[in-house]
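For reference, the structure is listed below as structure tokens.
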Amino acid sequence: MSPIIKILNVKKFYKLSRALNGVTLTMNEGEEYLIRGASGSGKSTLLYLLGGLDRPTEGEVIVNQKNLVELSDEELAVYRNRYIGFVFQFHFLLPSMNCLNNLLLPARLAGFSKEETENVTTRVLGLASTLSVTHCLEKFPFELSGGEQQRINIIRALSLKPKLLLCDEPTGNLDSENSKKVIQLLRTLAKEFHSTLVVVTHDPIIAESFHNQFLLKDGILVST
Ligand code: ADP
Ligand code: MG
């Protein structure tokens, strides 16, 4: 297995806190990883750096042999669009578009050809059927239940077959039964799309089932 992610001595400082204080780790392509740690330990910060949503104060973030630190803002936007699928605790579906248009937005932003867009549409419709949300496609996000919104969000994250599927507390607002289902779903889909899966959680029950774990404490990796 070759490393797809190399984080080298990464620091991220804010005015009042050292969110990450020298983190070094590698992750292999196609595997599943869990990042755990108490609230405020730097989990989200680490995930945002991996996803190109933010930049480190110091250190290197190398994904697929690209050093994200060297990319311009425009190049980072392309990186996020083409390489990354994000699943957050809350859903960032655009309220002014129906769900199908939300799902096709990444393909539109990517400037895909008609043929490529048709492939994405086929994939998205297939996933909607697998995840039992076909009936939601013509609806607007506010017309959906929380669980339905979350499944639409997961489909959007996977719509362009991302190299990395980054999930920040994806089960944060679910009961334990539904949490297990969502984690299982993320794992199954990540395998199907050959995506490297990174899940952030502070939920010990979810953490139990992951073989590869990183534990953060006050911005430092304390065990793997
Ligand atoms: P976690 O996801 O593990 O709860 P975070 O990565 O969100 O932790 O935060 C780590 C630390 O960095 C916390 O002390 C938090 O207050 C601080 N922090 C995170 N984001 C910002 C920000 N945008 N501005 C200032 N401080 C921040
Ligand atoms: Mg967080």
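Values as computed for the structure displayed
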{"item": "Index of the failed condition, R55 passing every other in (1) surrounded by 14 or more Cβ atoms within 10 Å (Cβ to Cβ); (2) under 20 Å from L186 (Cα atoms)", "result": "(2)"}
{"item": "Residue match in the range 29-47 (condition: in contact with a Pro (Cβ under 7 Å, 6 or more places away or on another chain) and open to solvent by 30 Å² or more (accessible area, probe 1.4 Å))", "result": "no"}
{"item": "Tally, over the range 100-157, of residues that are in a loop (DSSP other than H, G, I, E, B) and either of a type in the set (S, T, Y) or within 30 Å of E75 (Cβ to Cβ) (or both)", "result": "6"}
{"item": "Every residue from the range 181-220 that is farther than 17 Å from N28 by Cα and of a type in the set (G, A, S)", "result": "A207, S209, G219"}
{"item": "Filter result (part of a loop (DSSP other than H, G, I, E, B) and either buried (at least 21 other Cβ atoms within 10 Å of the Cβ) or within 16 Å of ligand 2 (Cβ to nearest atom) (or both)) within the range 160-173", "result": "L160, P162, E169, P170, T171, G172, N173"}
{"item": "Any chance K15 is within 15 Å of ligand 1 (Cβ to nearest atom), exposed (fewer than 15 other Cβ atoms within 10 Å of the Cβ) and either more than 19 Å from K161 (Cα to Cα) or not hydrophobic (A, V, I, L, M, F, W, C) (or both)", "result": "yes"}
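The values are calculated or read from the model by the stated rules, or taken from the named source; none is laboratory data. In this text the structure is predicted, and so the values were computed from the model without any measurement. Glycine gets a Cβ as well: all are built from the backbone with ideal geometry, and neighbour counts include every protein chain shown. The area values use the complete protein model at the heavy-atom level, side chains included, leaving out ligands, DNA and RNA. Shrake-Rupley method; radii C 1.70, N 1.55, O 1.52, S 1.80 Å.
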